[in-house]
Amino acid sequence: MTSFSLRQVKLRPGEQHRDELEVELPAFEFGGQRYVPVPEEVAAALEITRANTGTVFTLAFTARLFGPCYRCLGDAVLELPTHAREYQAESPEDEQMTTQYVVGNQLEISQWARDAVALALPDKILCRPDCAGLCGECGKNLNDEPHTHEVEHVDPRWAALEALRDEALSDQT
Ligand SMILES: [Zn+2]
Ligand SMILES: [Zn+2]
């Protein structure tokens with residue numbers, strides 16, 4: 001796990017420290033599936049800006065996650081540009097003015113990056129936006145084999161209606 005020692009950074013109000021670092025990202029559990037960052041370490045830009053009353057931390061990186069598609073369970077790759085911002089007050093009056101990622105003199109970057117990615121995740125991770133998913137009848141992948149099934153047990157009343165509909169459709173052409 002990557003952390004950053006804040007001892008090495010001595011800033012006066014108005015000053016800024018910038019760093020490029022490699023941040024280790026842990027794997028994610030999402031919707032009961034496992035998503036693995038590849039590469040495991042991402043290049044991130046860290047900025048630490050000292051204000052009068054506290055310090056602003058920003059972190060920017062792009063995570064690439066590999067895992068199963070929500071619909072077809074095939075391989076999905078997700079590129080996730082991530083920006084995160086935290087604030088640590090000099091003399092905090094309440095907990096909202098502190099960040100949980102500053103622990104002692106360490107900035108817990110991996111944990112922060114992980115949470116930022118979790119917040120940036122879409123509702124569903126798909127192999128492609130128009131993934132057709134799996135066939136509800138036979139379970140085959142509809143992207144590889146687009147198909148439909150003949151309805152086998154047709155109620156005779158529906159069959160009569162379908163015949164009428166087919167006639168109507170053929171009249172139109
Ligand atoms: Zn898919
Ligand atoms: Zn099928």
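Worth a mention:
- Index of the failed condition, ARG12 passing every other in (1) farther than 17 Å from GLU86 by Cα; (2) assigned to a strand (DSSP E or B); (3) more than 20 Å from the chain's Cα centre (by Cα): (2)
- Of the residues screened, GLY139 is one that is small (Gly, Ala, Ser) and within 16 Å of ligand 1 (Cβ to nearest atom).
- In segment 74-100, residue nearest to ligand 2 (Cβ to nearest atom) [restricted to those that are of a type outside the set (Asp, Glu) and assigned to a helix (DSSP H, G or I)]: GLN96
- Of all residues in segment 64-73 being more than 12 Å from the chain's Cα centre (by Cα), away from ligand 2 (no atom under 16 Å from the Cβ) and open to solvent by less than 70 Å² (accessible area, probe 1.4 Å), the one that is nearest to ILE109 (Cα to Cα): PRO68
- Applying the condition of being open to solvent by 40 Å² or more (accessible area, probe 1.4 Å) and more than 18 Å from GLU20 (Cβ to Cβ) to segment 46-63 and asking which residue is farthest from ligand 2 (Cβ to nearest atom) yields ASN52.
- Test: residue in segment 144-163 that is within 16 Å of ligand 1 (Cβ to nearest atom), closer than 30 Å to LEU73 by Cβ and not in a loop (DSSP other than H, G, I, E, B): no
- For segment 78-103, the set of residues classified as open to solvent by less than 70 Å² (accessible area, probe 1.4 Å) and without any contact (Cβ under 8 Å) to a residue 40 or more places away in the chain consists of THR82, ALA84, GLU86, TYR87, GLN88, ALA89, PRO92, THR98, listed by residue number.
The values are calculated or read from the model by the stated rules, or taken from the named source; none is laboratory data. Predicted model, so just to flag it, every value in this text is computed and none were measured. Quick reminder, even Gly has a Cβ in these numbers, built from the backbone with ideal geometry, and neighbours come from all protein chains shown. Remember, those area values only see protein heavy atoms, side chains included, never the ligands or the DNA or RNA. Shrake-Rupley method; radii C 1.70, N 1.55, O 1.52, S 1.80 Å.
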